[in-house]
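The values are calculated or read from the model by the stated rules, or taken from the named source; none is laboratory data. This is a predicted model, so every value here is computed, not measured. We place every Cβ from the backbone using ideal geometry, glycine too, and count neighbours over all the protein chains shown.
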Amino acid sequence: MMPTQQESSVGEEAVQAIASVFARVGSAAEMRRFFDEILTAAETRDLALRWLLLRKLRAGMPQRRIADELGISLCKITRGSKLLKNRKSVTVRMLDDGHDSEDGEG
């Protein structure tokens, strides 16, 4: 499949740059403000949905139940499930270290 113009114009350097910016944000409240400034409401909801499905998977909820509750495809959930099998994953560490609270302060 051919990359879209957007995919081809945003290289690894740009991805690394935004990752570095995210790493400098000092608090959950500041990160939320940053999201509001640079993301659309839909993009913020998509990001929150991805985190919510990962939390539910990590808690042991069956994939079909997650799909029903959140109204998302099993394909999206399967990607998260595969990610959680990697014990060295940053995502797994963040979930296990309590960085998954509702208020973002946990």
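Only one of Gly60, Gly26 is outside any helix (DSSP H, G or I) and not assigned by TED's automatic domain parsing to the domain that holds Gly98. Can you tell me which?
Gly26
Just checking, how many residues over region 57-88 are hydroxyl-bearing (Ser, Thr, Tyr) and surrounded by 14 or more Cβ atoms within 10 Å (Cβ to Cβ)?
Qualifying residue count, region 57-88: 1.
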